[in-house]
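The values are calculated or read from the model by the stated rules, or taken from the named source; none is laboratory data. Keep in mind that what you see is a predicted model, and the values were worked out from it rather than measured. Backbone-built Cβ (ideal geometry, glycine too); neighbour counts: all protein chains shown.
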Amino acid sequence: MDQVQQGSADAFATLFGRHRAPLYGYLLRMTRRAEVADDLFQETFLSVHRARATWVSGGGTFRSWLYRIATNAVRDGGRRTQRRPEVFGLEVELVSNDAPADRIALERALGALPENLRDAFLLGTVYGFDHNEIASTLEISTDNARARLSRARSRMRELLETS
Amino acid sequence: MTDAELDLKLQELGPVEPPRGVQARVLTAVGVSDARVAALIGPEPLPLRMPPARPRWRWPIAVASVAMAAAALYAVVPSPPERAQPDALVPRGFGDIRPSLGLRVAVRSSGQVERLRPGQAYQPGDTLLFRVSSSVPVDIVLRRGDAVLYRGAVPAGDTDLPVGYTLEAGEAAAPFVVEGSGAEARFDMTAVPR
């Protein structure tokens, strides 16, 4: 990240290569729309590049900073696209045709999770963020992060058991 | 469902590779070189090659082509000539279509020009002049024996030819002949005295 801050395009490319697929999966599962995820993916990385000088290594991990930018982009994007019609059949975009049935059920359950629980759930359960990273990313307290994650896991279990 | 079972299921929620075009736009926008972009996101995928579509009208076109070929063959193959009925024949082209030609000759002697009449005496040094009359425009030849004196076209009516023939002493008798389109006219000239 130091080299990125110094303006190295190659270092940015390395950082991009490391985080692109997890971040895109996060955005896709948060937005449930591929075209929105595409836009937010670009917006997030371009914001990182523009704001690279403001990142301070002592203020948290790069990962939590990156996902905070992405989460804010999702929230802003959600406000912008609030009136868009719902796109059905998103599971087709998220899973391949030969995916097992429980994988499809998992994506459906994730989509049914409220957005304020889904982000905490994805970060904590899928991406392995600890409570502090979740709190930093979502700009909430650590206790709140722990509570959200707990509620999200409980809700997901219910959704998967009833599916 | 226990926490362990949930965590096991969640392992299936892996990363998702973003579209290649989206990645390329981001990297290009921040100044990453093309070579680095290609190395990071892979080469441009080959275009999908679809098999050539079968035309819907393939069979109708084939049938129509065969029918047209058969019709063309029928039109090209010669049929035997029809035999004419002799009683029904109409004679054509037996009328006289030759032009009507006439030749008159004048003689210029001692500065005087007068019409030369058959049997009239003429002298060495006299010059013969020729007037051709034709019923239609026609190409004519004026000759005396094998010698061609004039060749050219004349219109219908009288035409004075732009040639003269000066008599020499002792010339044998030989006719002047004008010919055109199968018709001819002649003027018999007697021998020139010495």
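What to note about this one:
- For the stretch B:178-191, the set of residues classified as assigned to a loop (DSSP other than H, G, I, E, B) and β-branched (V, I, T) consists of B:T190 only.
- Checking each residue in the stretch A:112-121 for being at pLDDT below 90 and either surrounded by fewer than 16 Cβ atoms within 10 Å (Cβ to Cβ) or at the interface with chain B (Cβ under 10 Å from one of its Cβ atoms) (or both) picks out A:A112, A:P114, A:E115, A:N116.
- Here A:T125 meets each of (1) at pLDDT below 90; (2) in contact with a Gly (Cβ under 7 Å, 6 or more places away or on another chain) with one exception, condition (2).
Residue-by-condition table, conditions (1) within 15 Å of the chain's Cα centre (by Cα); (2) not small (G, A, S); (3) not assigned by TED's automatic domain parsing to the domain that holds A:G124:
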residue	(1), (2), (3)
A:H19	yes, yes, yes
A:R32	yes, yes, yes
A:A51	no, no, yes
A:V56	no, yes, yes
A:D76	yes, yes, yes
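- Count of the stretch B:15-25 residues which are within 14 Å of A:R18 (Cα to Cα) and either crowded, with 17+ Cβ neighbours inside 10 Å or more than 7 Å from chain A (Cβ to nearest Cβ) (or both): 3
- The stretch B:149-177, residues that are assigned to a strand (DSSP E or B), within 35 Å of the chain's Cα centre (by Cα) and hydrophobic (A, V, I, L, M, F, W, C): B:A153, B:V154
- Pairs with Cβ under 7 Å, 6+ apart, first in the stretch A:96-111 and more than 9 Å from chain B (Cβ to nearest Cβ), second modelled with pLDDT of 75 or more and part of a loop (DSSP other than H, G, I, E, B): A:G111/A:R32
- Those helices (runs of 4 or more DSSP H) lying entirely in the stretch A:1-80 with at least 2 residues at the interface with chain B (Cβ under 9 Å from one of its Cβ atoms): A:9-31, A:34-50
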